[in-house]
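The structure appears right after this line, and notes come after that.
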Amino acid sequence: MAKLGYLPKEKLTALLEALSKEQRLFVPCQAGDAVLFQQYDATKTPCLDRPATTPPKGIIFPQDDTLFTFTYHKDAEDLKKVSVELKENLDVAPTIIFGARPCDAKGFLIYDRPYTETDTPDPYYKKRRDMTAIMTLACPAPSPGCFCTSVGGDPADKDGSDVLITQLESGYLFESITEKGETILQNSLFEEGSSYQEQAQRTHEAVAELVRKPFQVTEELTQKVLSLFENDSFWEEEANKCISCGACTYLCPTCYCFNITDEQAGSSGERIRTWDACMFYHFTLEASGHNPRALKHQRLKNRVGHKFSYYPQKYDGAIACCGCGRCVRYCPVSVDISEIVAHAQEYTNDHGE
Amino acid sequence: MTIERLKEIVHKVLPDVDVVIGYRQGFDALHATPFFITKPEEVDELIWGPLCVHNLAAYLPSLTKNKKIAVIVKGCDSRTVNQYLQENLINRENTVIIGIPCSGVISVKKVLKGLGDQPIEAVSGDGDKITVTTSQGDKALSLSEVSPDKCRTCQYPTPLIYDHLAGDPISPDKPAESVYDDVREFEKLSLGERWHYWETELSRCIRCYACRNACPMCICQDKCIAESRDPHWMTQRLNGTEKLMYHMIHALHLAGRCVECEECTRVCPVEIPVAKIKKKINMEMAELFGYKAGVGVEDTPPMFTFKVDEEKIEEHEL
Amino acid sequence: MPVVAGKELRIVGFLCNWCSYGGADTAGVSRFKQPTDLRIIRVPCSGRVDPLFVVKSLLNGADGVLVAGCHPNDCHYSEGNFYARRRLEMLKQFLPYMGIDAKRFHYTWVSASEGARWQQVVSDFTKQVHGLGPLHRKEEASD
Amino acid sequence: MTTVNNPYLPELATITKIIEETPNIKSYQVVFDDQEKMGRFSFEPGQVGQLSVFGTGESTFVINSPPTRMEYLQFSVMKAGEVTGVLHDLAEGDQVGVRAPLGNWFPYEEMKGKKILFIGGGIGLAPLRTLILFMLDNRDDYDDITIIYGARTPPDLCYKDDLKDWEARADVNLILTVDAEYPEWDKRIGFVPTVLSEVAPSSENTVAITCGPPIMIKFVLQGLAQLKFKDEQIITTLEKRMKCGIGICGRCNIGSMYVCKDGPVFSLAQLKQIPPEL
């Protein structure tokens, strides 16, 4: 049974203070003109009015992460003899993400399939994931470019969250979704919230109405996108304005590709994992000079294909897009992935592919 | 009307080129998007106005090698074309330049900031004002309030180079001597304050390389030393040192080449004033060598040449 | 090599092969006393010195950077140092904008015969950098 | 303390022997430093491993020694990029990291009782070698074994000792070829696909396994089709840039398939099911 707690607006700071004492607390904060998830302390200015510029994925899957360190030791007896020592780096502290949006939370569900639900789970991701609670704020309004309802989401979606927060006129309603969430709601700052539930429900419905719906996911979508694979002219047209930067992938809550590199200074160094973007030319560049995705339309095709065709093929129809709209909103040239998917549907309908 | 004149020109040019690059409406009423026109029936979708913010000339180097391209350029964008010609980066034979005199564009970010980042349902322009409609109603913003920094000191409202001009030339009305006032203002800060400023601003960098890829003069982006392992200039780390190093690379590789289109600032998703870094170097180029990138086709970028006796460079004493 | 705590700073010197490296050699052969903070990197020409060499040094541990090449008109490759002069001047003016003291970077001309001048340049520059102290670089900014 | 089953953590290993196969290919025999782990280690023919040079990075190579000979693991490295360049500078006794086994393997069970046709070019013999040696160690399980192998010149032929052995064996039909005439070369001259057509092996009850440069594969596949090989009878291995080796990082995918995890071994029938992005 879900637990409901009400928090008057003026007590928000007190709650954040309390939560940040127990564990690492990340809250969207004003940073310049951007809003970024930052570790909370009294100097930060939380900003809940608009979705964070970057998704919270870096808290569980850091943009740069040390997998292990290595140190070369010289043998005192025989200086030519060098041995190497490895040290795994898996320090993780309990964490709360406060003020993610439902799409942000859903991003982690999309991560989970390749990262934890496999025969080779990723220990770095898994450990952080297990130790993180996500407190999600139901969207008080849609944002430019977002389209969560097209991909099966909702501005008040509970999937992937531990707590759902709804902003009401004079306070917030907190609803626990998981056990982790229930524990958080035991805090004495919360008042009884059940009388606010109806008000919250009305807010949710009103916002859902406002979200644009550029396309509808159908069972055939995966096949439709795939059927265009060899249609270069379709993809060239969709990609002609793309400038091949990584903004879309780095801002995407679901883009999970990465790079692994070694960085050494002196006799020691680290093997690090960093976010990488399939939109970059070098991403698939091979040592021989051959590049299977040398052209930008091939890369865009891979990005769209991965989200709407390859991933669903692998994971029982699940779409690897949460509709947060960041890639649309922040694209330097307004490439709109939802428009591309809609085009793909239209194209295949018109051409009977 | 500029737009009618523009469509006329595009119709005239289209049969002789592979593509005309212009603007059309993007995903909402506030966002224009680059538009690659290949068929006459598409010309109707063409738009022109203060929402047309992108520097479309940036597409030229990759396309004019084997295609004939017509591109719509504003006054500021036209400096890009000149600089490409200086550096022999485009094939002039394959380029048709459709110039548009421009009295200023908006900063999409500034508009959204003024409106709390809501989806925009409609935008209408009227002289020096735009009215923006959201689900919360209308809001009027003065253009000067939401114009990007570059427009506030614009010296080139009319393109410097064009084959066709859609509209009557506009004379610059901003004082030339105040172009670098913001740089001078910033230099009044102490060294420590400046260091702290950049450390804070650049700490937001996510190394997405939007600033690099949108930059018309970053022409070696597929081989950028920010990502290369051989030579290994930088790590893939996300710390302050590497972020600063990346932006120093970007700025220094543009010394004497930056055409001040400020695309780097415009496209930064985390709102770093990237162009502000380059502006200082541009000011130096003007002061040391009397040079402004992309103003004349026949000029030589100052880092590509030298004088045996430099008038403005003095030996530094220790 | 570890820095002698409190006594030495890290100064990187990019010296052209034909003049300044020779000048430093002359100073050494003549047993002119010099500060030991400088680590010399020999380059074919001052024109080989990408301003980014200086930036990378300063961002990754150097407290000062010195570039030295042939006097103008004496470049082994005729014009390398003329290009260097423009680039390095640009950098010299740019560094303080980013918050790095221009005094941490110096470029000058030293010929192979000018052992005494080399001694002077190194001593003065080292003194200047010592006056500023170690370059404060806050690693791992605010992530 | 390390996490059990951390797929990113390499096993430390020492190079016990380096063999110069050709002017730009070296084979490395490595043994895990942890003897107990070496004793427990097992893999299937065709599986790959990631070799690490700490400080430079990792690169993927097929384990080309057979699982039937577990004294060491052998990898062959052609000098091409950053990691392979540094590997070529290593000496016997140096330490490397190994992440293995990764990927799938040759369906050798299904090949039992059949005639086997190997077609290799250049370093493409590496993945075939593990299977050839495995089959020779289980010789009774398989019918005729034919190996067509070619390289640009005789010095470019890999595994020269193996070639000698196979040539001497009566139960292996080895056909060697080089692209052009070469001093003291008395065997065939001509490209591998041409030799394949000349030899014209029967497709009946046969499995063809091919690996080599893309252009060779292309014509070999055409040749096999002419010899009436069905797509299901043709097996090849793919190569892609890889990082994680466990099907996540997104570099080696072709559509929904990840070469590092779902491959590198594919039948032509399988390849025809996935988008053409090689």
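The values are calculated or read from the model by the stated rules, or taken from the named source; none is laboratory data. All figures in this text were calculated on a predicted structure; none of them were measured in a lab. Cβ sites come from the backbone with ideal geometry, for glycine too, and all protein chains shown count toward neighbours. These area figures cover heavy atoms from the full protein model, side chains too; ligands, DNA and RNA do not enter into them. Shrake-Rupley method; radii C 1.70, N 1.55, O 1.52, S 1.80 Å.
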Average other protein chain Cβ within 10 Å of Cβ, residues B:262-272: 5
Average other protein chain Cβ within 10 Å of Cβ, residues C:103-109: 2
Candidates per GluC sites (Glu not before Pro) in the range D:7-80, loop by DSSP, up to 14 other Cβ within 10 Å: D:GLU71
The protein assembly as shown, helix-only ellipticity at 222 nm - DSSP H runs n ≥ 4, -39,500 (n - 2.57), divided by all residues, nearest 500: -8500 deg cm²/dmol
Tensor-based shape of the range B:106-147 (alpha-carbon gyration tensor, a/c under 1.5 rounded, otherwise prolate or oblate): oblate
Beta bridges per DSSP with both ends in chain A, % antiparallel, nearest 5: 80 percent
Cut-off 14 Å between beta-carbons: net charge of the residues surrounding B:LYS188, Lys and Arg +1, Asp and Glu -1: -2
Those Cys residues of chain D for which no other cysteine Cβ falls under 4.7 Å: D:CYS158, D:CYS211, D:CYS252, D:CYS260
Potential lengthening between B:SER144 and B:THR131 on full extension [0.36 nm per residue; Cα-Cα distance subtracted]: 3.4 nm
Chain C: C-alpha gyration tensor shape, a/c 1.5 cut-off, then a/b vs b/c: oblate
Farthest toward positive dipole pole in chain D [+1 Lys/Arg, -1 Asp/Glu at C-beta], among D:ILE274, D:LEU125, D:LEU196: D:ILE274
For peptides B:215-224, D:83-92, D:243-252, sequence by mean Cβ density within 10 Å, most packed first: D:243-252, B:215-224, D:83-92
Cys with no candidate disulfide partner in chain A (beta-carbon separation under 4.7 Å rule): A:CYS29, A:CYS47, A:CYS139, A:CYS146, A:CYS148, A:CYS242, A:CYS245, A:CYS257, A:CYS278, A:CYS321, A:CYS331
DSSP beta bridge pairing in the protein assembly as shown, given as percent antiparallel to the nearest 5: 60 percent
Rounded Å value of the spacing that divides the Cα centres of the range A:322-337 and the range A:265-295: 24 Å
GNM result for chain A, Cα springs below 10 Å: residue of A:GLY317, A:GLY145, A:GLY99 fluctuating most strongly: A:GLY317
Long-range amide H partners of D:ALA80 with built H, under 5 Å: D:GLY85
Inter-probe distance in nm under a simple model that places probes 7 Å from Cα toward Cβ, at B:ILE219 and D:LYS160: 4.9 nm
Cβ-Cβ FRET estimate between D:ASP33 and C:PHE32, R0 fixed at 45 Å, reported to 0.05: 0.30
Estimated vicinal HN-Hα couplings, Hz - the range A:112-118 in sequence order (Karplus 6.51, -1.76, 1.60; Gly, Pro = x): 4, 4, x, 8, 10, 8, 9
Residue-averaged beta-carbon neighbours from other chains (10 angstrom radius) around D:58-65: 1
Hz values of 3J(HN,Hα) by residue in the range B:73-84 - Karplus curve (6.51, -1.76, 1.60), Gly and Pro given as x: 10, 7, x, 5, 5, 5, 5, 4, 4, 4, 5, 4
Placed amide H near D:GLU21: partners under 5 Å, 5+ positions off or other chain: D:LYS26, D:SER27
Cβ-Cβ FRET estimate between B:GLU8 and A:SER188, R0 fixed at 60 Å, reported to 0.05: 0.25
Those residues of the range A:56-85 whose amide nitrogen sits under 14 Å from the label point placed on A:GLU117, 7 Å along Cα→Cβ: none
Other-chain or far-sequence residues with amide H under 5 Å of C:ILE41's (modelled H): C:GLY13, C:PHE14, C:LEU15
11 Å beta-carbon shell around D:GLU82, net charge (K/R +1, D/E -1): -1
Unpaired by the 4.7 Å Cβ criterion, cysteines found in chain B: B:CYS52, B:CYS76, B:CYS102, B:CYS151, B:CYS154, B:CYS205, B:CYS208, B:CYS220, B:CYS224, B:CYS258, B:CYS261, B:CYS268
FRET efficiency estimate (nearest 0.05) - Cβ-Cβ, C:ARG42 to B:GLU41, R0 60 angstrom: 0.40
Rounded if a/c under 1.5, otherwise prolate or oblate - the protein assembly as shown, Cα gyration tensor axes: rounded
Inter-label distance for A:THR13 and A:ASP316, nm, one decimal - labels placed 7 Å from Cα along Cα-to-Cβ: 4.7 nm
Estimated dipole of the protein assembly as shown in Debye, rounded to 20 [Cβ of Lys and Arg +1, of Asp and Glu -1, Cα centre]: 1540 debye
Area of A:TYR281 that stays accessible when all protein chains are in place (1.4 Å probe, Å², to 10): 40 Å²
Extreme residue, positive dipole direction of the range C:11-132, given options C:ILE100, C:PRO51, C:CYS16 (C-beta unit charges): C:ILE100
Where a label projected 7 Å from the Cα of A:MET131 along Cα→Cβ would reach, residues of the range A:3-30 with amide N under 11 Å: A:24
Length added when fully stretched, D:THR194-D:ASN5, from 0.36 nm per residue minus Cα-Cα: 63.3 nm
Check: chain A dipole with +1 on Lys, Arg Cβ and -1 on Asp, Glu Cβ, in debye: 500 debye
Nearest-10 value in Å² for the accessible area of A:LEU67, using the 1.4 Å probe: 0 Å²
Charge sum, other residues only, whose C-beta stays under 14 Å from D:THR16's C-beta, Lys/Arg counted +1 and Asp/Glu -1: -1
Antiparallel %, DSSP beta bridges [both residues in the range D:115-237], to 5: 0 percent
Sparse-neighbour loop sites [GluC sites (Glu not before Pro); the range A:205-279; at most 15 other C-beta within 10 Å; DSSP]: A:GLU219, A:GLU220, A:GLU230
Gaussian network model of chain A, Cα within-10 Å springs - most flexible of A:THR261, A:THR166, A:THR95: A:THR261
Length added when fully stretched, D:ASP140-D:PHE219, from 0.36 nm per residue minus Cα-Cα: 25.3 nm
